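Visitor: This structure is in structure tokens; I'll ask about it shortly.
The values are calculated or read from the model by the stated rules, or taken from the named source; none is laboratory data. Everything numeric here is computed off the predicted structure, so don't read it as measured data. Please note: Cβ atoms are built from the backbone with ideal geometry, for glycine as well, and neighbour counts cover all protein chains shown. We work out accessible area using only protein heavy atoms, side chains counted, and drop any ligands, DNA or RNA first. Shrake-Rupley method; radii C 1.70, N 1.55, O 1.52, S 1.80 Å.
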Amino acid sequence: MDALLAPVRQFLHCDTPDEWIEVARDPANLPTLLIDHANCENKAALTAHSLVRRYCLPKGKRHLLPKLDFYRELDALPEKAQILGKRTMGEEARTVFDELERNELLVKMVRLIQEELHHFEQVLELMAARGIHYGAVNASRYARSLLQHVRTYEPAAIVDKMIIGAYIEARSCERFAKLAPHLDEELSRFYTSLLRSEARHYQDYLALAEQYAGEDISERVAFFGALEADLILTPDEQFRFHSGPPVRSDSGCTQ
């Protein structure tokens, strides 16, 4: 476990504050934690899907890429770039997939989509077993604040998106590991089971950022690392999976 987490902690500029852990471990906040975790998994899949659409298809064909449900049924072996698998496809969809550029981004993102959707479904199952309704919660400031700093020209834009993706995945991994010992046995086991994939996702994103940049990106990585740490360390008005330590009021943390 330590060997898995050491590169993640070295990459991040700070640890999750104990104040956030204290709020996250409170059973009263478990519904919010799980609902937002589910949302994060779904958004991670959507983000990867949008990257495939934007960077692996000709501009005129992007709107034809199948939606996320396609990946739930896809029998794919991304490590071998067998993107179509055994699923029966209509001619139009098959033509779109024939035009996908078979590159490292496609392979890594398809695998990530499938894993994040699986995690999303696992969280929903845990919630259902605990009688927690999957309702709406507002998104945190976290990803939105990072994305505000994405440059508007290529390849700088995709490099920034990949670096941000790396920080989001690395933070998820670090937070799963730090929170797991404070949860009940089932949730602790589940969060621990996610560590390996989250650690790989951060490494995949970082490797893609380096590949697209074609030059040293350490300065840009450090820039986003400082931004990310500030979001994690400064008080947050709402409690979410990627929020900072919540601002407390007389009645407890703000939801």
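Visitor: Arranged from highest to lowest average of other beta-carbon atoms within 10 Å per residue, in what order do the peptides 216-225, 17-26 appear? Intermediate results must be reported in sequence, preceding the final value.
Guide: Working: 216-225: 14.2, 17-26: 17.1.
Packing proxy ranking, top to bottom: 17-26, 216-225.
Visitor: Let me ask something else about it. Leaving ligands, DNA and RNA out of it, work out the accessible area of CYS14 with a 1.4 Å probe and give it in Å² to the nearest 10.
Guide: My reading of the accessible area for CYS14 is about 20 Å².
Visitor: Stokes-Einstein diffusion coefficient for region 1-41 at 10 °C in a medium of 1.306 mPa s, Rh from the Kirkwood formula over Cα pairs: what value in µm²/s? Intermediate values should be presented prior to the final figure.
Guide: On the way: Rh = 12.1 Å.
After rounding, the answer is 131 µm²/s.
Visitor: Continuing with the same structure: Tell me which residues come under 5 Å, amide H to amide H, from ASP236 once H is placed; ignore anything under 5 positions away on its chain.
Guide: GLY244, VAL247
Visitor: In whole angstrom, and with the biggest value first, how far do the Cα coordinates of region 116-255 range along each principal axis?
Guide: Largest to smallest, the principal-axis extents are 49, 35, 26 Å.
Visitor: Then there's this: Assuming 0.36 nm per residue, please report the length gained on full extension of the stretch ARG54 to ALA6 beyond their Cα-Cα distance.
Guide: 14.0 nm
Visitor: Next question. Taking 8 Å as the Cα distance limit and 6 or more residues as the minimum spacing, I'd like the relative contact order of region 127-255 as a percentage.
Guide: Over region 127-255, the number comes to 25 percent.
Visitor: Here's another thing I want to ask about it. Could you tell me the accessible area of TYR55 in Å² (1.4 Å probe, neighbours in place), rounded to the nearest ten?
Guide: The value for TYR55 is about 40 Å².
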